[in-house]
Amino acid sequence: MRFGEHSKAVQRLSDRLLSQSLRELEEEGLVEREVEAGSPVRVTYSLTAMGAALGPAIGELRSWARRWKHAG
């Protein structure tokens, strides 16, 4: 996804905080950043194999959150 797509998906997150978070995820090896030359420069972010491997754990956390959100 491109930066703008991430920004729209997480509307309450400032661009500065989103940029910082993506940079941290990249440093940890969870996200890969690809810069495409041109005008304007296009930056695409994608999950690495390690980041994609978190999918099942994230799914379980999502299920847990939904279950407890409706219980309260």
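The values are calculated or read from the model by the stated rules, or taken from the named source; none is laboratory data. Since this is a predicted model, take the numbers as computed values, not measurements. Ideal geometry is used to build each Cβ from the backbone, glycine not excepted, and the neighbour counts take in all protein chains shown. The accessibility values were calculated without ligands, DNA or RNA, using every heavy atom of the protein model including side chains. Shrake-Rupley method; radii C 1.70, N 1.55, O 1.52, S 1.80 Å.
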Rounded percent of accessible protein surface that carbon and sulfur make up, the chain, 1.4 Å probe: 54
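Using Cα pairs closer than 8 Å and at least 6 residues apart in sequence, work out the relative contact order for the chain, in percent. Please report the intermediate quantities before stating the final value.
Values: 50 pairs, mean separation 18.5, N = 72.
About 26 percent, as a whole number.
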The chain, dipole about Cα centre (Lys/Arg Cβ +1, Asp/Glu Cβ -1), debye to the nearest 20: 540
Fully extended contour minus Cα-Cα distance, from Arg67 to Leu17, at 0.36 nm per residue: 15.2 nm
Accessible area per residue in Å² at 1.4 Å probe, computed on the stretch 9-72: 85
Helix axis angle, 15-27 relative to the chain longest principal axis, alpha carbon, degrees: 90
Helical mean residue ellipticity (222 nm; -39500 (n - 2.57) per DSSP H run of 4+; nearest 500) of the chain: -17000 deg cm²/dmol
